[in-house]
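A short reminder: the numbers here are calculations on the coordinates, not readings from a lab. In this text, all values refer to a predicted model and were calculated from it rather than measured experimentally. Here Cβ is always computed from backbone atoms with ideal geometry, including for glycine, and neighbour counts include all displayed protein chains.
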Amino acid sequence: MASYGGTTQKCKACEKTVYLVDELTVDNKVYHRACFRCHHCKGTLKLSNYSSFEGVLYCQPHFDQLFKMTGSLDKSFEGAPKTARSYEVPHN
Ligand SMILES: [Zn+2]
Ligand SMILES: [Zn+2]
């Protein structure tokens, strides 16, 4: 009964049908290519630099801002994205 390949999939972001030419599968979830963008700033996301929360996509700075709030409204990310936030100390 369940035939693979002929089924239509729904975009996790807009819940409309995704056709193969427009399909982008991320984390076993299907999106339109055009829907793979930050929910907050609408910026296009890269596969290597995004976060999702319950199927909603965010760019890394906004995910950090919205879900890892430190308590103070820090807008320092606006001009300077944090690239190195961990200090690696070699154990030798
Ligand atoms: Zn979509
Ligand atoms: Zn964003």
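Applying a DSSP loop filter and a limit of 10 other Cβ atoms within 10 Å to the trypsin sites (Lys or Arg not before Pro) in region 28-59 leaves LYS42.
In nm, what is the difference between 0.36 nm times the number of residues separating VAL26 and GLN9 and their Cα-Cα distance?
Numbers: separation 17, 0.36 × 17 = 6.12 nm, distance 1.32 nm.
Gain in length upon complete extension: 4.8 nm.
Over all projection directions, the Cα-based convex hull of region 9-67 averages an area of 3.7 nm². Backbone amide hydrogens, once placed in the peptide plane, bring VAL30 within less than 5 Å of LYS12, excluding anything fewer than 5 places away on its chain. Other residues lying with their Cβ under 13 Å from the Cβ of ARG37 contribute a combined charge of +4, Lys and Arg counting +1, Asp and Glu -1.
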